[in-house]
1. Which translational diffusion coefficient, to the nearest whole µm²/s, is obtained for the chain from the Stokes-Einstein equation, given a Kirkwood hydrodynamic radius over C-alpha pairs, 25 °C and 0.890 mPa s?
2. Whole-Hz Karplus ³J(HN,Hα) for the stretch 8-21, in order, using 6.51 cos²θ - 1.76 cosθ + 1.60 and θ = phi - 60°, x for Gly and Pro?
3. Which distance in Å, rounded to a whole number, links the C-alpha centroids of the stretch 165-214 and the stretch 253-311?
4. What list of ³J(HN,Hα) values in whole Hz, one per residue of the stretch 383-395 in order, does the Karplus curve 6.51 cos²θ - 1.76 cosθ + 1.60 (θ = phi - 60°) give from phi, with Gly and Pro shown as x?
5. Evaluate the charge dipole of the chain about its Cα centre and quote only its size in Debye, nearest 20, assuming +1 on the Cβ of each Lys and Arg and -1 on the Cβ of each Asp and Glu.
6. Using the Karplus curve 6.51 cos²θ - 1.76 cosθ + 1.60 with θ = phi - 60°, what ³J(HN,Hα) values do you get for each residue of the stretch 103-108, in whole Hz, with x for Gly and Pro?
7. Amide H neighbours of Arg169 under 5 Å, counting only residues 5+ apart in sequence or on other chains, H built in-plane at 1.01 Å?
8. List the pairs from Lys16/Lys122; Lys26/Lys152; Lys152/Lys183 whose alpha-carbon separation is above 21 Å, in the order I gave them.
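FYI, it's all coordinate maths here, none of it is from the lab. Small disclaimer: the values here were computed from a predicted structure and weren't measured. Cβ atoms come from the backbone with ideal geometry, glycine included; neighbour counts cover every protein chain shown.
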Amino acid sequence: MAATRELAALILAAGKGTRMKSSRPKVLHEVGGRPMLSFPLDAARALGAERCLVVTGFGSEDVEARFEGSAEFVRQDEQRGTGHAVSLCQAPLGDFSGDVLILYGDTPLLRAETLRRMAEHKAETGADLVLLSAPVEVPGIVVRDATGRVAKVVEATDATPEELAIPERNTGVYLVDAALLWKLLARVGDDNAQGEVYLTTIVELAVGDGLRVEALALEDGEEALGVNTRAELAAAGQQMRQRTLNRLMSAGVTIVDPAATWIDVGVEIGEDSTIEPGCTIQGDTVIGPRAHLKPGCMIESSRIGADVVLGPNAHIRPDCVFGDDVRIGNFVEVKNSILGDGVKADHLSYIGDADVGAGASFGCGSIVVNYDGQQKHRSEVGERAFIGCNVNLVAPIVVEPDAFVAAGSTITNRVPGFALAVGRARQRNVEGWVARRRRRD
């Protein structure tokens with residue numbers, strides 16, 4: 001950024017979000033697999049903010065617990081408006097003398113690049129205060145004078161009919177010198193229709209004092225989307241998903257049908273990978289190059305190696321780590337397991353809480369029985385081990401490298417390397433049994 005001044009970010013996140021119809025704090029609702037509040041926090045850090053203060057209110061304990069260690073918190077127990085919320089940060093900031101960036105916990109689409117342009121604009125123009133504006137339906141109306149300079153910002157509830165017709169709106173995002181901010185806020189009252197302390201009033205006060213106020217128009221009005229309803233949450237999620245898909249496709253990933261692919265914002269995928277329709281990739285999953293996800297796969301917070309083939313309809317649950325050339329097929333579920341290079345499980349199997357060596361193979365219907373009804377147990381399957389069809393490996397179990405487990409076996413004891421394990425009941429044929437039964441019927 002052009003400016004070298006110290007920067008502090010204030011993120012307002014105290015509102016309940018009544019229209020969300022939720023007992024959960026609004027800023028904890030997720031967009032792209034992350035709580036909304038994480039996005040302005042990340043944007044502020046990307047801009048170089050040395051301190052990030054989050055103003056909490058409704059559900060403050062939940063918000064603070066979720067972001068513990070990521071920000072400082074200031075509580076607004078009485079909801080008296082945005083100006084009041086910002087003023088509560090004066091004491092915690094102390095003698096901070098840099099610029100203050102004011103953001104909102106429910107605007108997840110605002111980009112760090114936009115905030116950087118804002119800082120550069122302030123430095124280049126010598127403005128005392130810079131606000132972001134956009135032609136979107138938000139309450140604050142930017143009113144300009146006859147020369148085109150910003151005169152004031154009016155809340156829609158207090159605007160005249162002429163002012164309501166103005167398309168340029170205030171996003172509520174400000175960049176202002178800390179000392180000036182506190183001086184202006186000290187003069188803001190609550191004489192308005194809502195009886196609240198409006199942060200927007202500082203614009204009119206600054207103009208009246210002869211200070212330079214700049215309104216920087218957003219290039220993409222969608223960035224200003226504030227989430228107040230479930231419909232707006234879905235709209236924000238759609239925008240974030242498209243950004244993520246565009247980022248991945250630009251990095252060399254083939255996404256066959258973007259409209260039918262759901263990928264969280266934290267996912268990374270290597271080049272020349274192919275993602276077919278109906279796939280969902282969540283959390284901070286990392287997938288190596290040349291992977292192929294066939295239709296209907298779900299991957300949750302896992303690490304997947306290069307040249308891996310998954311699906312169709314494979315489910316990779318959290319905390320899995322796959323090596324290269326792994327093949328997981330139709331209706332196979334893997335959970336909290338480490339699979340070495342070249343492991344194969346092509347259909348209808350479950351691998352849970354297991355460490356599997358390179359080159360091991362699981363036949364159709366094989367199951368790692370990891371739960372005894374009270375706790376999970378871990379299993380070990382060695383390199384090049386072969387697990388036949390319809391095998392139950394009852395954990396905790398060790399199958400040593402190069403062992404072979406016969407189809408239909410239930411294995412409860414260690415299988416030595418190079419051994420054949422057979423755990424079936426002996427077959428007994430009762431001759432003539434069907435004919436005798438039919439005569440009785």
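1. On the way: Rh = 25.5 Å.
Translational D for this selection: 96 µm²/s.
2. Computed from phi, the couplings for the stretch 8-21 are 10, 10, 10, 10, 8, 9, 8, x, 6, x, 3, 6, 6, 6 Hz.
3. 46 Å
4. Values per residue, Gly and Pro as x: 4, 6, 5, 10, 10, x, 5, 6, 8, 10, 9, 8, 6 Hz.
5. 2560 debye
6. So the Karplus estimates, Gly and Pro as x, are 10, 9, x, 10, 10, x Hz.
7. Distant-sequence amide H within range of Arg169: Ala134, Val136, Val142.
8. Table pairs above 21 Å Cα-Cα are Lys16/Lys122; Lys26/Lys152.
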